[in-house]
Amino acid sequence: MKGIVAAGPDASTERGTSTGGRHVDGVGAPRRREGGATSTAAVSRQQRCHTFFGRRERSNGVVAITPGIVIVFAVILLALALFATEPVPVDVTAIGVMVTLMLVQPLSGYAAATGLLGEPILLFPDYPGDALSGFANSATLTVLAMFILSDGVQRTGVVQLLGAYISRYTGDSESRQLGATIGVVGPISGFINNTAAVAILLPMVTDLAERGKLSPSKLLLPLSYASMFGGMLTVIGTSTNILASDLSDRLLGQPFSMFEFTQLGALLSVVGAAYLFTVGRALTPERIKPAVDLTEEFEMADYLTEVVVREDSPLVGQQIRRALVETEFDVDLLQLIRGDDVFLEPLGPKQIQAGDVFAIRTDRDTLVDLLDVEGLDLVPNVTVDEDELEAAEESSQNLVEVVVAPGSSLVGETLATTSFRQRYDATVLALRRGGELIRARLDNIELRVGDTLLVQATADSIARLDTNRNFIVAQEIERHDWRRSKIPVAVSVVAAVVALAALDVVPIVVSALGGALAMVATGCLRPTELYDAVQWDVVFLLAGVIPLGIAMETSGAADLLAAFVVGTADAFPLLVVLGVFYLLTAVLTNVISNNASVVLMVPVAVEAATSLGANAFSFVLAVTFAASTAFMTPVGYQTNLFVYGPGGYRFTDYIRVGGPLQLLFAVVTTLGIAAIWGLRP
């Protein structure tokens, strides 16, 4: 196996490489950014990495396996397993990784003192500062600020107005609907966080399909995919881009500029759109049949019925809550019909009267028991459909699909443990998880991100659900709280953030935080809305995985992986090696978090490129593009989970539609990077 030449005072001049076209004479030499400014951050960190015990040991240029490397690899393998299986949320896993790595140094010190280890294992040059650096990292703070900026834009309603304007011209043409979906979400995703863009546009796209009598399955997967390649138009399009830029700055002294890869991102957007219009269109399944009635879409015919209370029923005079809500029967009350009046939740306090008619959700076996025990009769010749369930409020929408959002407090909980009915004054009729429909025993099912709930509630309750960050309502809701007078202000703030960062007036983290403050100062956001605007799970994920990258670099784990790649790459051209890094990162990202993939792969890519005498910046870009475009699994990217339930997709649908697209992007991205940035210094 070909070894990697050690970096440091004794490193040979082979260590000199290019950082995006700027030659560096050894790692100790200062690297220069655009405009000639010297960056010493990457240099000082690498110099520190080689001045304490636990540094990478080498013999004849080959990386020696040290206890530090073994421990880092053990943590990585455990983290990969937890990221892939998600027994706990990924942000909890990331914090666990950080804490575990922090404990290595003091515990190994005790082990060395007792003779169990020869010397302590040191993973962080500045302990515990480096281990906690993820919280103060510019990437973490930039992502946090971008969430606030995206929310400020969202609350003005400008994206919804744009979508509604474009949807007027689509009619019932599938091509125009697909074009509108891709054409709107792609460019928007370049300037606001792409996950926010999908959350905003999902209701519009669902209604677009309904009005055009098209299956939503035909549009929602393209919505997710287009948001991903749209996010590669600018550095602020995805949190992954921002994190990769920070890593590139730390390792190479060369962060991404605002429009660093816009040229390649635009090319991929065109290629991706062409694929979705042709091959992707043919491969995308129609999992949900076009249907105006949501009860038909969820196949509720055998689970919805109406019952009437007999004169001799033991329920007469009892409160609904005690008689029918807090019961052992698997039954949900949807509405009460009393004479000409129809009542929705909250029904609990009402007293039951003879002749009351209840619309209920239950299965056939439970219905038979319920009729026998509770003195109820089945109402004959009644079909409980969407019109019937929306009779309580004329001209109002009482039946909607609600998607469990990433970071929702309901994830891992059940409808019973969250007191869903009481908390939201809403009733869940059914649950769709991918292609699986669940219409019985709903109260005890643990909820997951992407689960789609068929919910019945009053218009006011649905409006509250629409503003609740735990959910994404998949139908467009008439809202009167858009701050449309702030549209010019919000758009101007985002434009100023982009311009200041693009012109290198201030670093992007400064412009983004300034923009977040401006959103509050100008009234686009209220101070109380700031914390709700941030996806804290993403912030803690970044803060937790960034120290893992530092530990990989300082322990020599990145060098060891790079040595393996280099040892097997001698027989292949650099272009092929670059493509292999793209594919490895893409496969990893489709299984675990995209941000975790970047942290793991960027240090390896830099070390491998350096040893091969290749352009390390090009390799960083390949990893970045692969991590930001995960098409092959629903768990590979948050936007894929957004559409998983509403589209009724199966896991294999992502492989069938996304697999060829991933391979196509591997080829185009690799060739594009080689053509634009080059493979050699």
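The values are calculated or read from the model by the stated rules, or taken from the named source; none is laboratory data. Because the structure is a prediction, the values reported are computed rather than measured. When we count neighbours, we look across all protein chains shown, and the Cβ atoms used for this are built from the backbone with ideal geometry, even at glycine. Note: accessible area is taken over every heavy atom of the protein model, side chains too, but ligands, DNA and RNA are not part of it. Shrake-Rupley method; radii C 1.70, N 1.55, O 1.52, S 1.80 Å.
When you go through (1) in contact with a strand residue (DSSP E or B) (Cβ under 6 Å, 6 or more places away or on another chain); (2) on the phi > 0 side of the Ramachandran plot; (3) of a type outside the set (Ser, Thr, Tyr) one by one for GLY339, which number turns out not to apply? It fails just one condition, (1).
Which one of these is open to solvent by 10 Å² or more (accessible area, probe 1.4 Å), over 20 Å from LEU202 (Cα atoms) and free of Cβ contacts under 8 Å to residues at least 12 places away in the same chain: VAL576, VAL668, VAL591? If you could, list the steps in order and put the result at the bottom.
On the way: VAL668 fails: free of Cβ contacts under 8 Å to residues at least 12 places away in the same chain; VAL591 fails: free of Cβ contacts under 8 Å to residues at least 12 places away in the same chain.
The conditions single out VAL576.
Listed by first and then second residue, the pairs linking a residue in the range 281-309 that is farther than 14 Å from LYS213 by Cα and in a helix (DSSP H, G or I) to a residue that is open to solvent by 30 Å² or more (accessible area, probe 1.4 Å) and at pLDDT 90 or above, with Cβ atoms under 7 Å apart and 6 or more places separating them unless they lie on different chains, are LEU283/ARG656.
Only one of the listed residues (LEU161, LEU149, LEU144) is open to solvent by 30 Å² or more (accessible area, probe 1.4 Å), touching a residue at least 40 places away in the same chain (Cβ under 8 Å), within 21 Å of TRP536 (Cα to Cα) and part of a helix (DSSP H, G or I). That residue is LEU144.
Matching residues to (1) of a type in the set (Asp, Glu); (2) buried (at least 17 other Cβ atoms within 10 Å of the Cβ); (3) more than 21 Å from ASN590 (Cα to Cα); (4) within 17 Å of the chain's Cα centre (by Cα):
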site	(1), (2), (3), (4)
LEU78	no, no, no, no
PHE83	no, yes, no, yes
PRO87	no, no, no, no
VAL90	no, yes, no, yes
ALA94	no, yes, no, yes
MET98	no, yes, yes, no
LEU101	no, yes, yes, no
GLN105	no, yes, yes, no
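Of the listed requirements (1) crowded, with 20+ Cβ neighbours inside 10 Å; (2) assigned to a helix (DSSP H, G or I); (3) touching a residue at least 40 places away in the same chain (Cβ under 8 Å); (4) not aromatic (Phe, Trp, Tyr), GLY567 misses just one: (1).
Give me the residue from the range 621-638 that is in a loop (DSSP other than H, G, I, E, B) and open to solvent by less than 10 Å² (accessible area, probe 1.4 Å) and, out of that set, farthest from GLY579 (Cα to Cα).
Here is the first cut: in the range 621-638, the residues in a loop (DSSP other than H, G, I, E, B) are 629-637.
Next cut, open to solvent by less than 10 Å² (accessible area, probe 1.4 Å) only: 629-631, 634, 636.
Details: THR629: 14, ALA630: 15, PHE631: 17, PRO634: 23, GLY636: 19 Å.
Within the range 621-638, the match that is farthest from GLY579 (Cα to Cα) is PRO634.
Taken over the range 207-232, the criterion of being open to solvent by 10 Å² or more (accessible area, probe 1.4 Å) and either outside any loop (DSSP other than H, G, I, E, B) or among the acidic types (Asp, Glu) (or both) is satisfied by ASP207, GLU210, ARG211, LYS218. Comparison of ILE445, ILE462 shows that the only residue that is modelled with pLDDT of 85 or more and part of a loop (DSSP other than H, G, I, E, B) is ILE445.
Pick from GLY265, GLY272: which is outside any loop (DSSP other than H, G, I, E, B), touching a residue at least 40 places away in the same chain (Cβ under 8 Å) and over 30 Å from ARG433 (Cα atoms)? Working first, answer last.
Details: GLY272 fails: over 30 Å from ARG433 (Cα atoms).
The conditions single out GLY265.
Yes or no: ALA323 in a helix (DSSP H, G or I) and small (Gly, Ala, Ser)?
Working: in a helix (DSSP H, G or I): yes; small (Gly, Ala, Ser): yes.
Considered against the rule, which asks whether it is in a helix (DSSP H, G or I) and small (Gly, Ala, Ser), ALA323 comes out as yes.
Would you check if LEU641 is buried (at least 21 other Cβ atoms within 10 Å of the Cβ), touching a residue at least 40 places away in the same chain (Cβ under 8 Å) and part of a helix (DSSP H, G or I)? Talk me through it step by step, then tell me what you get.
Numbers: buried (at least 21 other Cβ atoms within 10 Å of the Cβ): yes; touching a residue at least 40 places away in the same chain (Cβ under 8 Å): yes; part of a helix (DSSP H, G or I): yes.
Here the answer is yes, as LEU641 does meet what is asked.
Looking at the structure I just gave you, is ALA490 closer than 19 Å to SER138 by Cβ, at pLDDT 90 or above and open to solvent by less than 30 Å² (accessible area, probe 1.4 Å)? Spelling it out, it is not the case that ALA490 is closer than 19 Å to SER138 by Cβ, at pLDDT 90 or above and open to solvent by less than 30 Å² (accessible area, probe 1.4 Å). Among the candidates ALA495, ALA430, ALA512, ALA499, the residue that is buried (at least 19 other Cβ atoms within 10 Å of the Cβ) and part of a helix (DSSP H, G or I) is uniquely ALA512.
For the range 351-364, which positions are open to solvent by 10 Å² or more (accessible area, probe 1.4 Å) and either at pLDDT below 85 or over 20 Å from GLU311 (Cβ atoms) (or both)?
First pass over the range 351-364, keeping only residues open to solvent by 10 Å² or more (accessible area, probe 1.4 Å): 351, 353-355, 357, 363-364.
Result: ASP363, ARG364.
Checked against the criterion of being of a type outside the set (Val, Ile, Thr), part of a helix (DSSP H, G or I) and either within 26 Å of ILE288 (Cα to Cα) or open to solvent by 40 Å² or more (accessible area, probe 1.4 Å) (or both), the candidates GLY171, GLY118, GLY179, GLY134 yield just one match: GLY179. Checking the stated criteria, LEU251 turns out to be more than 22 Å from the chain's Cα centre (by Cα), in contact (Cβ under 8 Å) with a residue 40 or more places away in the chain, open to solvent by less than 40 Å² (accessible area, probe 1.4 Å) and over 30 Å from LEU370 (Cβ atoms).
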